[in-house]
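Any read-out appearing in this document is the output of simple, stated calculations on the displayed coordinates, not a laboratory observation. In this text, all values refer to a predicted model and were calculated from it rather than measured experimentally. Neighbour counts are summed over all protein chains in view; Cβ atoms, including those assigned to glycine, are modelled from backbone coordinates with ideal geometry.
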Amino acid sequence: MILLKRFSALLLAFVLLASACTSTKSGFEKYSYEFLGAFDTMIQFIGYAQSKEQFENFVTKGRNRFFELHKLYDIYNSYEGINNIKTINDNAGIKPVEVRQEIIDIIVFSKEWHKKTGSKVNIALGPVLAIWHRFREEANKDPSAARLPDIEQLKKASEKTDISKVEVDEAKKTVYLREPGMSLDVGAVAKGFATEIVAKELADAGFQSFIISSGGNVRAVGKPMDNRSKWGIGIQDPNSASGVQDYANLDTVFVDDTSMVTSGDYQRYYVVNGQMIHHLIDPSTLMPANYYRAVTIMTKDSGVADFLSSAAFLLPYDKSRALVESMEGAEALWIMPDGTIKATDAMKKAMKKLGGARNN
Amino acid sequence: MFFKLKAGDIAVAALIIAIAAANLAIFMHSSEGSATALIIKNGKVVQKLKLDDINKRIEIEYKDKHNILIAAEHGRIRFEKSDCPDQVCVRTGWLSRPGQTAACVPGGIIIKIQGEDSDTDIILK
């Protein structure tokens, strides 16, 4: 009998062990959902909830909010009954436009962070970015027609990019572009800023453990409700994104309650004479910046992370690193053109391969 | 060390063994992750492919707003061609591991490998 009892105990332990390997905290299950149609990217929700219905309630709320913010921050389309960023652009040099608080907030934020981060990320760069956008889309439709825009054309457009002429009246809730021909492009910040708004609202509504991913922006809220203490965020290898090899992760970073945003050269680009022409434009040269393949920023606020990743991408390494180190609570990872990886100390410590981090 | 088993003991032992076996089977199945790819169009799953069961290359074409070609081979799947203006889908390349995704935003199509990676919740790209 003793043997049998021991045998049973062993089996029982094994049963529990086998269950524990995949177990979530009592009453919680992991769910995921992804959708297209907002911010020109795929948005994913991953989260732990007590039921499928509870998860669906949260993500429906989040999804609706993303669509609403997309309309507000849209520079290409107009919507019935909504004054959005396109409305502001359409009224450049004509009149101030009354807008919702979410638009006032993103413009005030972008003006403030423009100053704080070396003046490289400018939401008033619209006229220049519109030219690049057109050339990129034409080239991707017909690669044989791929060419670079004329530098004189870019220079002329850049005369209408003075961010100090973007006037915000916070009391009246209006925005005015003082010169005709000016236009805002919030592409460097809108996804991250919107993601932060949605994440906060869902957390306030009671969602405790989730990740939102919106095209290069990841916002992790709380901790995973299983036997791990941190979330695992995979960093994509820029070289695997060319479509030649299987897409692979460079490393995994273990984090909780923070944001990670990557600015990279490997998704939105076109090719001229064998050279990749990507979408991150340096306002000083009016050409794509080529200091890195990618820069990833880790900091709590997703809007800050998005803005900072663009700024860090547009600065040479010494200045880029100095900028990140001057920001409290910000960490970064730089992937250099030759594939070398550089990272701030706390970023490195959180990385599985580079820093030997574990997630227990 | 000889003893007699009572019927109850045997029943308990059998039950425990059965539970253990079932657990093991479930555990092995979920961690082995024979990759299943989902093709999601306009929010609905329109195709489920067991990638490990594919022996000959499969090509699936979607003609809608854009002409999109998806290719699947043993263990992997990708957007092969698309006439959309941003090409991000094609550049994502081959997907083979649980949790990996690729999306053609203008075409409204997502490819997703079902299941979970043991230590990666999401891929930042």
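For this structure, a couple of remarks:
- Taking a ≥ b ≥ c as the square roots of the Cα gyration tensor eigenvalues, the stretch A:114-271 comes out oblate, since a/c reaches at least 1.5 and a/b does not exceed b/c.
- Equivalent-ellipsoid semi-axes of the stretch B:35-113, from the Cα gyration tensor, Å, largest first: 19, 12, 12
- The percentage of C-alpha pairs in chain A whose separation is greater than 24 Å is 61%.
- Couplings 3J(HN,Hα) of the stretch A:37-45, computed from phi: x, 10, 6, 6, 7, 8, 10, 10, 10 Hz, in residue order, whole Hz [Karplus 6.51 cos²θ - 1.76 cosθ + 1.60, θ = phi - 60°; x for Gly and Pro].
- Long-range amide H partners of A:M42 with built H, under 5 Å: A:G215
- One quarter of the convex hull surface built on the alpha carbon atoms of the stretch A:228-360 amounts to 8.6 nm², the projected area averaged over directions.
- Taken along the Cα-to-beta-carbon direction at a fixed 7 Å, the label points for A:M336 and A:D142 span 4.2 nm.
- A simple count of charges around A:N122, restricted to other residues whose Cβ falls under 14 Å of its Cβ and scoring Lys, Arg +1 and Asp, Glu -1, yields +1.
- Hits among aspartates and glutamates - C-alpha to C-alpha of A:K155 under 13 Å, sequence gap 8 or more where chains match: A:D282
- Placing unit charges on the Cβ atoms only, positive for Lys and Arg and negative for Asp and Glu, gives the stretch A:85-177 a dipole magnitude near 140 debye about its Cα centre.
- As a proxy for reagent exposure, A:D306, B:D83, A:D301, A:D265 were ordered by neighbouring Cβ count within 10 angstrom, fewest first; the result is B:D83, A:D301, A:D265, A:D306.
- Its residue count N sets the reference 2.2 N^0.38 Å, and the alpha-carbon radius of gyration of the stretch A:62-128 equals 1.18 times that reference.
- At R0 = 41 Å, FRET efficiency that the Cβ-Cβ distance of A:N290 and A:E98 yields, to 0.05: 0.50
- Over 19 Å apart at the Cα level, from the set A:K200/B:K44; B:K65/B:K125; A:K300/A:K348; A:K71/A:K165, are A:K200/B:K44; B:K65/B:K125; A:K71/A:K165.
- Candidate membrane-span-like segments in chain A, meaning DSSP H helices with Cα atoms spread over at least 15 Å of their own axis and a Kyte-Doolittle mean of 1.0 or above, are A:2-20, A:302-313, with no membrane implied.
- Listed by Cβ neighbour count within 10 Å, with the fewest neighbours leading, A:K160, B:K48 appear as B:K48, A:K160.
- With at most 14 neighbouring Cβ atoms within 10 Å, loop GluC sites (Glu not before Pro) (DSSP) excluded, longest segment of chain A: A:171-327
- Sequence of A:M336, A:M347, A:M298 once ranked by neighbouring C-beta atoms within 10 Å, starting from the fewest: A:M336, A:M347, A:M298
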